[in-house]
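Step one of this worksheet: look at the structure below.
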Amino acid sequence: MFDKKIYAGRRAELKKTIGSGLLLFVGNDDSGINYAGNTYPFRQDSTFLYYFGLSREGLDAVIDIDGDKEIIFGDELTIDDIVWMGAQPSLTEKCQAVGIADLRPRSEIAGFIDAARRRGQTVHYLPPYRAEHRLKLLDWLDVRPGGESPSVSFILGVVNQRNYKSEEEVREIEKACIVTADMHLKAYDVVRPGMRESEVAAQVAAVAEAAGYPLSFPIIATIDGQTLHNHYHGNVIHSGDLFLLDAGAETEMGYAGDMSSTIPADRTFTARQREIYDIAVASHEAAVERLRPGVSFESIYDHSVTVIMEGLKSLGFVKGDAAEAVRAGAHALFMPCGLGHMMGLDVHDMENLGEVYVGYGGRPKSAQFGRKSLRLGRELEPGFVLTIEPGIYFIPELIDLWRGEGKFKDFINYDKVNTYRDFGGIRNEEDYLITATGARLLGKRIPLHAAEVEALR
């Protein structure tokens with residue numbers, strides 16, 4: 001964890017921002033896989049981590065702004081717990097390490113919140129994303145699941161702190177990015193025809209495990225790269241395939257890395273693979289070149305996908321004016337996703353708080369297919385950490401749907417596109433910090449250009 005002054009400073013800033021009321025921080029609990037004692041790996045709520053720094057199940061917290069109280073509710077370990085898990089610092093000692101002097105039994109939180117409500121104090125809470133969160137809100141606030149009204153001022157207060165990464169946070173994220181890069185370098189080394197996707201995924205995961213880091217999200221390791229979030233690892237890799245890896249590590253403190261790479265199953269790309277791959281790289285580099293404060297990320301997205309459409313036009317997939325095709329939304333046949341997202345304590349940072357607040361500063365998002373999946377659209381500012389991950393995908397179901405509807409036929413040559421319906425997908429992804437004058441790559445660099453990839457094969 002960081003020094004307790006950092007957590008105390010974060011809490012003080014949040015109190016000043018919100019001004020009054022009771023801030024409720026709902027911690028995460030253990031969750032059983034198939035019975036109570038066989039649990040999923042525990043992961044603390046990221047906002048709880050940001051303000052209180054404690055990665056332990058069974059904790060909740062409040063900040064009573066009006067009463068000037070900061071309280072963690074949780075229970076010390078029993079002898080049965082110690083026998084099962086081993087000796088460790090007491091919860092009192094852990095709370096003191098993050099600047100909290102007031103620790104109370106977990107059973108007292110309901111009464112504390114009820115007393116605040118009876119005084120007429122506003123209780124602020126964030127959007128729930130787990131079933132246990134909703135049950136707690138039902139118990140403490142009589143809020144029925146599905147009927148929550150999270151505090152917008154609380155959301156914005158959190159977002160406007162967590163979006164700007166401190167020097168300490170950047171160093172922690174960079175640790176995750178270094179291990180993440182090593183995971184991808186392992187894949188460049190081991191991918192071969194005849195292997196199962198699961199064999200590659202296992203070796204990639206082993207790199208993170210050996211570093212003492214958990215995964216920041218389930219590994220995507222697939223020859224079916226046209227499926228954007230494909231977690232199936234049962235295919236055999238064949239000669240002529242493209243292998244897409246999207247994987248990242250998370251530090252002990254919960255900060256994430258997230259990178260993607262596209263690797264030919266053979267030692268070199270085929271001619272048609274390299275043509276498409278080079279277009280994706282050109283789009284990637286065009287986006288990176290424009291990363292700087294004051295630039296709208298949505299404008300970078302527009303430029304990046306225009307580069308894709310111009311490249312595909314040169315190969316006969318696209319016709320007409322590329323920029324006009326992007327405005328109309330025709331580019332989403334090949335890139336139906338966003339260009340990148342914020343990253344920090346969450347791999348998609350604060351996604352549970354709402355993309356409109358995190359990625360758009362409260363501005364409404366587009367409803368256009370493809371563009372609506374752009375998680376980040378606001379002007380960039382120093383301290384933002386984000387990903388750059390344009391891709392080119394040939395999705396047979398989407399091709400057939402749009403062709404049958406006659407959609408964008410003035411921009412898309414469906415006869416040509418249909419000959420690539422078995423191509424798969426390409427994505428390369430890097431992590432960047434926005435600085436005062438531009439942007440800095442985080443972690444070590446992984447191969448991007450085709451010649452660099454082939455040199456490692």
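In table form, for the structure just shown:
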item	result
Carbon + sulfur, % of accessible area of the stretch 233-280 - ligands and nucleic acids excluded, 1.4 Å	48
Highest-first arrangement of 406-413, 108-115, 331-338, where packing means the average Cβ count within 10 Å	331-338, 406-413, 108-115
Built amide H within the under 5 Å cut-off of ASP102, gap 5+	ILE72
Violating pairs (Cα-Cα greater than 29 angstrom) within the set LYS15/LYS444; LYS175/LYS313; LYS186/LYS365; LYS165/LYS444	LYS15/LYS444; LYS175/LYS313; LYS186/LYS365
For GLU379, residues with placed amide H under 5 Å, excluding near neighbours	PHE297
Whole-number percent relative contact order across the chain, with pairs defined as alpha carbons under 8 Å at least 6 apart	14
Accessible area (Å², per residue) of the stretch 5-72, counting only protein heavy atoms and a probe of 1.4 Å	40
Spatial extent of the stretch 317-394: Rg and Dmax, with the Cα atoms as the point set, Å	13.7, 43
Protection proxy ranking, peptides 176-182, 277-283, 321-327, average beta carbon neighbours within 10 Å, highest first	176-182, 277-283, 321-327
About the Cα centre, charge dipole magnitude for the stretch 90-163 (Lys/Arg +1, Asp/Glu -1 at Cβ), debye	100
Ordering of 20-33, 254-267 by packing [mean C-beta count within 10 Å, highest first]	254-267, 20-33
Helical segments meeting 24 Å axial Cα length and Kyte-Doolittle -0.5 threshold in the chain (DSSP H)	167-190, 271-289, 297-314
Helix-only [θ]222 nm of the chain, DSSP H runs n ≥ 4, -39500 (n - 2.57) each, per residue, nearest 500	-11500 deg cm²/dmol
Point-charge dipole on Cβ atoms (K/R +1, D/E -1) for the stretch 20-154, about Cα centre, debye to 20	360
Unsatisfied cross-links (Cα-Cα over 18 Å) in the set LYS372/LYS416; LYS69/LYS136; LYS4/LYS94	LYS372/LYS416; LYS69/LYS136
Residue-wise HN-Hα coupling along the stretch 343-352, computed from phi with Karplus coefficients 6.51, -1.76, 1.60 (Hz; x: Gly, Pro)	9, x, 5, 10, 5, 9, 4, 6, 4, 5
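The values are calculated or read from the model by the stated rules, or taken from the named source; none is laboratory data. These figures come from a predicted structure and were not determined experimentally. In this analysis, Cβ positions are derived from the backbone assuming ideal geometry, glycine residues included, and neighbour counts consider all displayed protein chains. In case anyone asks, the SASA skips ligands and DNA or RNA and just uses the protein heavy atoms, side chains included. Shrake-Rupley method; radii C 1.70, N 1.55, O 1.52, S 1.80 Å.
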